[in-house]
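Values quoted throughout were computed directly from the atomic coordinates according to the rules given, and no laboratory measurement underlies them. Worth saying up front: this structure is predicted, and the values here are computed from it rather than measured. Because the Cβ atoms are built from the backbone with ideal geometry, glycine has one as well, and the counts that use them run over all protein chains shown.
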Amino acid sequence: MSSSTNVEIINFGDELLVGIRANEHLEYLGAELARYGLPVRRASVICDANEEIRASFNNAMARSDLIITTGGLGPTSDDLTRETIAEVLGEELVHDSTVEAAIRNYFQAIDRPMAEHHRKQCYVFKGGEVLQNKKGTAPGLYFRSQGKTVVLLPGPTQELRPMFIEEVIPRLRRDDYLRASVAFIQLRTCGCGESSIESRIKPIVDAEPDLQVAYCAHYGIVDIRLSSRTGLLDYDDLERISQAVARECGDDFFGYGGGSLAEVVHKRLRDTNGTLAVAESCTGGMLSDAFTNISGASKTFIGGIVCYSNEVKVSQVNVPESILMQHGAVSSECAIAMATGVAEGLSAHHGLSVTGFAGPEGGNKNNPVGTIHIGYHSPAGVWSKTVRYTGGRLDVKARAVHAALDWMRRELMQSSASK
C-alpha cells in the first residue's frame, strides 16, 4: 500500500506560527515515515481556531489516505483538535474510564491531584483506538473512516515520539501501510560540497535507472539518501549501491544513517583506548555538547573548557601571554596552545581546540569574520588548521564544530592506517 499512499501531516498550534517553538514534529515524522517507504506528500501548520482546524482537516480528508495531526489534545480551552475533528467525522466522543485511570495514575506518580479540566482528555472517539501516553496526560487516537486513517498525536515532543514508535508504527504495519524493511539507505559525508559529491557518484547513479537519490547539505555535512523509485530495487540492491557510493566518496564518507561526527571520533578513540579534552572559545561549548550527547562518552571524553576571554585562556588552558600579545587570540598559534594546554591540563591523549571570529562583529584584515583556527594535539604531535565560512553567527559556529570533528576523524583514520 505504501507506494501509492498519500500521507499528510497537520501541525496544530499557535506557538508554531508565532515562533515560540520550532516545528520539529514534521522533521521527525517525515524522517520516520520515509524510513518505511511512506513519504509525506503534504504538510501544513494551522492555528488553534475551530474554523481553521475544520477547513484544514476537511481538505486533508478529500485528498489524502493517511492524515496525522499533532497538537491540540491538551486540557486547556485552546486545545480543540479532538472535538473539532470528531465533529467533522461525525464521530461521537465517549468517556473512557481506562484513560481517566491512566491520567490519575500519572498525577499520583508526581504527587499532584488531577485537576478537573483534565477530564476533557478522557473522551475519545467511540469507534477508534486509544494510543497510550506513557509520558503525559493526553492520549493519542487512531481512527479508520471512509477508507482513510486518521492519527491524532499530542504536541509535547517527549510524548509524541515514544507514542509514534510504540503505538502508531505497529498499527500502520498491521494495516499494511509500511514496508517490511527500511526503504532507503542514507550515507553521510563531510568535507566535500553537494555538487561535487553528485558529480563523483554520477556514474553509479546513471547505471541504476530505478535509483532515486536525494541530497541534504547542512553545516558542511552532505547526506546522500538512496531509495528505489518504484520498489524494483530491494534492500540488498540499495546496500550494494551504497557500498559503491561510499568507496567513491573515499575519506569524505564517515557513516550510514544519522550518526554524528562526534560518534565516529568517540568510537575510534574507544577502539584505541584514547581520551580527548577540548578547549573552545567562539563555539562556546558546542564542541563539548557534541560529545556529551553520546551515551557512554565518558569512556573517551575527559571534559572541556570554554575559554572565551584571554584571561581564562591563560589561567585555565595555560596559553602563554606572549602568544596572545604577539599573535592574538584568533590565531593558529593560540589554537595550538589551547589544544596542547587542555590535553596536558586534563591528562588526555588528545586535545582539540577552536578559536575564531563567528561574527557579525570582529575580524581584521588577516582574520576576517568567519575565520576559524582549529588546534589538534595528539601523541604524535600538534597541528593547526584554518577555515573560513560565510553566514550568520550560529551557522559559522556549527560549521566550525563539524570542521574540527571531521579533521580529527581524518587524523585518527590516518594514524590507524599507518600502524
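Structure notes:
- Antiparallel content of DSSP bridges confined to the chain, in %, to 5: 60
- Over region 6-133, Cα pairs under 8 Å with separation of 6+ residues give a relative contact order of 25 percent.
- Relative contact order, percent, region 209-310 [alpha-carbon distance under 8 Å, six or more residues apart]: 19
- Amide H partners (placed H, <5 Å) of residue 48, local residues excluded: 13, 14
- Here the alpha carbons of the chain define both size measures, Rg and Dmax, at 25.9, 77 Å.
- Region 268-279 - phi-based ³J(HN,Hα) in whole Hz, Karplus 6.51/-1.76/1.60, Gly and Pro as x: 5, 5, 4, 5, 10, 6, x, 10, 9, 10, 10, 10
- Computed on the Cα atoms alone, the convex hull of region 184-256 gives a volume of 72 cubic angstrom per residue.
- Likely footprinting exposure, 408, 413, 286, fewest C-beta neighbours within 10 Å first: 413, 286, 408
- Angle in degrees between helix 235-249 and the longest Cα principal axis of the chain, rounded to the nearest 10: 20
- Local electrostatic count at residue 116 - Lys and Arg +1, Asp and Glu -1, tallied over other residues with Cβ under 14 Å: +3
- Mean ellipticity per residue at 222 nm, deg cm²/dmol - from DSSP H runs of n ≥ 4 across the chain, formula -39500 (n - 2.57): -12000 deg cm²/dmol
- Nearest-ten-degree value, helix 24-35 long axis tilted from longest Cα axis of the chain: 80
- Alpha carbon centroid spacing (whole Å) that separates region 182-202 from region 31-98: 36
- For region 261-417, dividing the convex hull volume of the Cα atoms by the residue count gives 95 Å³ per residue.
- Label point distance in nm, residue 176-residue 54, each placed 7 Å from Cα along Cα→Cβ: 3.6
- From least to most packed, judged by other beta carbons within 10 angstrom and beginning with the fewest, 266, 117 follow the order 117, 266.
- The value of relative contact order for the chain, using C-alpha pairs under 8 Å at least six residues apart, is 10 percent.
- For the chain, lysine pairs with C-alpha atoms less than 25 angstrom apart, excluding pairs fewer than eight positions apart on the same chain, total 17.
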